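Single-structure report; data block below.
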Amino acid sequence: MSPLTRKSRGFAGERIIEIPKETVDKCSSMPLISSLFITRMGFYPKALYHYYQRPAGISQVILLYCTDGQGWLQLTKNRITIQAGEVFAISPGTPHTYGADAENPWTIYWFHFSGTQCHDVVRSLLDEPGSGPQAVRVPYSDERISLFDRMFDTFLKGYSTSNLLFANLAIPFFLASFILPENFQKEIVSSGNANPTNRAILYMQNNLSLSVTLDNIAQSVNLSTSFFSRKFRQDTGYAPIEYFNHLRIQKACQLLHFSDLRINEVASQLGIDDPFYFSRLFKKQMGVSPAEYRKSEGIQRRV
């Protein structure tokens, strides 16, 4: 058996970029992108008869993102179906075979990545404790596809240093659309179908001038206080009120920068009646008092 077997009849509308070896070597020595850079990328629409077999794998990460139809992936001990709206990353050196479904062939956007962070990409996308390898479902995003096209079109302009930097510095943002889709899609935050944590954060942002309690926040998302607190901490790493106070101090920094409000007036704008408590809270987060913060930023305001 040959080390690589590929079958296809070509796909109408297909697009592919193959980065020359000399350019790949250049990327590996560029400090800003040497940790992760593209070696190949492409788009295969309705890829009937698409098939690849690599008994020894390859030295890069392969990322497959299916937007229509379906396909399959065979790893050493696992056969995985990849459907529309799912993404999968194959680790370097992993033997694999994959192909399009014969009756409903997939449409895929795909990448080969190299660099010192290749394995981190796979772990970030796929690591689920207690489960075997499986494709990850993500919501469709026009912005994600536009970003793919922007990266692709940048390479079409040639492999100048500026083009290499631009296309490859976009990779983390592209991957974030899979790893954290709820952050990537702005409309999800304001949607009535958003998850409780995102709705709670929106409630906090809209009520920074009030003295909000944990019960208030939990009620805003129609959950019990105990269940909501557990879920919020699980999703964000912070207790709800601790998170709310971070948002308050963010707002305080803006007011200290861009208004003539006194310190106690800034506190009042954030629903805090005790300016001494506000100063302690501010210093705990920012490392300096509100007055010192204004002074250190060179802001001449009333205190």
Please report 146, 141, 209 as a ranked list, fewest other C-beta atoms within 10 angstrom at the top and most at the bottom.
146, 209, 141
Hz values of 3J(HN,Hα) by residue in the stretch 168-178 - Karplus curve (6.51, -1.76, 1.60), Gly and Pro given as x
7, 5, 7, 4, x, 5, 4, 5, 4, 5, 8
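Which order do 226, 34 fall in if you start with the one that has the fewest other Cβ atoms within 10 Å?
On the way: 226 10, 34 16.
Going from sparsest to densest Cβ surroundings: 226, 34.
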Net length gained if the chain between residue 257 and residue 286 were fully extended (0.36 nm per residue, minus Cα distance)
9.0 nm
The chain: longest segment with zero exposed chymotrypsin sites (Phe, Trp or Tyr not before Pro), where exposed means DSSP loop plus at most 14 other C-beta atoms within 10 Å, is residues 141-237
If I model a spin label at residue 12 and residue 296 as a point 7 Å from the Cα along the Cα→Cβ vector, what separation in nanometres do I get?
6.3
Restricting to lysine pairs 8 or more places apart or on different chains, what number in the chain have Cα atoms under 22 Å apart?
10
Could you work out how far apart the two model spin labels at residue 142 and residue 84 are, taking each label as a point 7 Å from the Cα in the direction of the beta carbon, and quote it in nm?
1.8
With 0.36 nm assigned to each residue of separation and the Cα-Cα distance removed, residue 150 to residue 25 gains 42.7 nm
Relative contact order for the chain, counting Cα pairs under 8 Å that sit 6 or more residues apart, in percent:
13
Charges on Cβ only, +1 for Lys and Arg, -1 for Asp and Glu, centred on the Cα centroid of the stretch 5-184; of 122, 55, 108, which one is farthest towards the dipole's positive end?
55
State, in angstrom, two size descriptors of the chain derived from its alpha carbons: Rg to one decimal place and Dmax to the nearest whole number.
24.7, 79
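Once R0 is set to 30 Å, what does the formula 1/(1 + (r/R0)^6) return for the Cβ-Cβ distance between residue 162 and residue 123, expressed as a FRET efficiency to the nearest 0.05?
On the way: r = 31 Å, r/R0 = 1.02.
So, using R0 = 30 Å, E works out to roughly 0.45.
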Under 5 Å from the placed amide H of residue 94, counting only residues 5+ away or on other chains, we find 58
Prolate/oblate/rounded call for the stretch 5-184, Cα gyration tensor, a/c under 1.5 rounded
rounded
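Read-outs throughout are calculated quantities, based only on the coordinates presented, and are distinct from any laboratory measurement. Every value quoted in this text rests on a predicted model; they were computed, and no experiment measured them. For neighbour counting, all protein chains shown are included, and Cβ atoms are generated from backbone atoms with ideal geometry for every residue, glycine included.
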